[in-house]
Amino acid sequence: MTRNFVKKCPECGSLNLSYHKEKGEIVCKDCGLVIEEKMVDFDQEWREFDSETAAQRRRTGAPMTYTQFDQGLGTDVGSKADLYKFGSKTKNKLFRLRKWQQRISTAIERNLKMALSELKRVSSFLKLPSMIEEEASMIYTHAVQRGLVRGRSMESVVSGALYAACRRYDVPRTLDELSEASGIEKKEIGRTYRFITRELQIKILPSNPADYIARFATALKLSAETQTKSVEIIEQAQKVELTSGRGPTGIAAAALYVAALINGEKRTQREVADVAGVTEVTIRNRYKELLEELDLEKEIKKIKKKGKDN
């Protein structure tokens, strides 16, 4: 079987090439040069027409994952339905094997089994993507292996690992949201997060306030123009180093509040504060700083004047 490739022959410049699947070669039909040889065919040699056929013919299992205490490498001694097909003596023996296999031997495995189920629950509550769950599971597993969980509550370490994973992948989640999902105090989660990242030497860059804009704007039902304007305000604030040393959620909330005023989509400071999880005082302070440093007061005055004229 041959098929043509859009590839040029280095010898004669011809495009008349053929691929020999059996030999694993690409040959020029004009000059006979073997361009490539011993090629590997990565396609599967069988076809599947339904999930049952695919399961029977597939020779590999599920990929390794840190979201399971045994990283997905554990096996089961049959299913209960299959075991009932055997005689009483064989059936009892297999049930005993199944029971002993399901028992977890080490303390680390027992801890991981409970902690990873809690991590999955919190991740589902916050609607986090699977890559965050995988990363947080890996961080927690390393923390357990290093003995960092000893003396701390399992829930606080789980929350700290999830927050670290969110920060690494720039997924905007606040400590307040993690506190609400896990039932652990915000200060405890922050303390555990700093301890884990320090001990495991996890390098995390500061949060970008712009990452929070889309979520806050959606909750406040603001337009795309307001979102774009708020991101522009944040970029201007970063250029004059106004964001350094200040909380990213406060800056994002204030920028969104200013952008909403400029675009005539007024929202109260209370509404913005509730969505962002900050106080009205924080928004007022950041709002004043943005107006003074970025000279946005003129734009707001123009909007107010237009509103009065109309």
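Each residue of the stretch 74-150 gets 114 Å³ once the volume of the Cα convex hull is shared out per residue. Here the spin labels are modelled as points 7 Å beyond Cα on the Cα-Cβ line, and at residue 219 and residue 56 they lie 5.2 nm apart.
Dimensions of the chain from C-alpha coordinates, computed as largest minus smallest value along each principal axis and given longest first, are 80, 71, 39 Å. When GluC sites (Glu not before Pro) are flagged only if DSSP places them in a loop and at most 10 other Cβ atoms lie within 10 Å, the longest unflagged stretch of the chain comes out as 46-240.
Taking only alpha carbon atoms, the stretch 118-194 gives an Rg to Rh ratio of 0.92, where Rh is the Kirkwood radius. Structural descriptor for the stretch 209-309: relative contact order 29 percent, calculated from alpha carbon pairs under 8 angstrom and at least 6 residues apart.
Computing FRET efficiency as 1/(1 + (r/R0)^6) for residue 125 and residue 268, where r is the C-beta to C-beta distance and R0 is 25 Å, gives about 0.35.
One chain, two ends: residue 65 and residue 48. Fully extended at 0.36 nm per residue, the span grows by 3.6 nm beyond their Cα-Cα distance.
Take every pair of alpha-carbon atoms less than 8 Å apart whose residues are at least six positions apart; their mean separation over the length of the chain yields a relative contact order of 9 percent. So if R0 is 41 Å, what FRET efficiency would residue 228 and residue 154 give, r being the distance between their Cβ atoms, rounded to the nearest 0.05? FRET efficiency, residue 228 to residue 154: 0.45.
Annotation: aspartates and glutamates with alpha-carbon distance below 15 angstrom to residue 229 (same-chain offsets under eight excluded): 211, 265, 295, 297, 299. Fewest-first ordering of 204, 251, 213 by other beta carbons within 10 Å of each residue's beta carbon gives 204, 213, 251. Tell me the angle of helix 248-262 to the major Cα principal axis of the chain, expressed in degrees between 0 and 90 and rounded to the nearest ten. Taking Cα atoms only, the helix is inclined about 60 degrees. For residue 81 and residue 109, a Förster radius of 25 Å and the Cβ-Cβ distance give a FRET efficiency of 0.40, rounded to the nearest 0.05. Over the residues of the chain, the helix contribution to mean residue ellipticity at 222 nm works out to -17500 deg cm²/dmol, using -39500 (n - 2.57) for each DSSP H run of at least 4. Under 14 Å of direct C-alpha separation, and excluding same-chain neighbours fewer than eight residues apart, residue 91 reaches these aspartates and glutamates: 82.
Each of residue 244 and residue 284 was given a label point 7 Å from its Cα along the Cα-to-Cβ line. The distance between the two points is 2.8 nm. Semi-axes of the equivalent ellipsoid for the stretch 205-255, computed as √(5λ) from the eigenvalues of its C-alpha gyration tensor and ordered from largest down, come to 19, 12, 8 Å. Counting only aspartates and glutamates at least 8 places from residue 113 when in the same chain, those with an alpha carbon closer than 12 Å to its own are 70. Relative to the longest principal axis of the Cα atoms of the chain, helix 224-239 runs at roughly 80 degrees. Axis angle, to the nearest 10 degrees, between helix 107-125 and the longest C-alpha principal axis of the chain: 50 degrees.
Rule-based calculations on the coordinates, nothing more; no lab input. If you're wondering where the values come from, they're calculated on a predicted model, not measured in any experiment. When we count neighbours, we look across all protein chains shown, and the Cβ atoms used for this are built from the backbone with ideal geometry, even at glycine.
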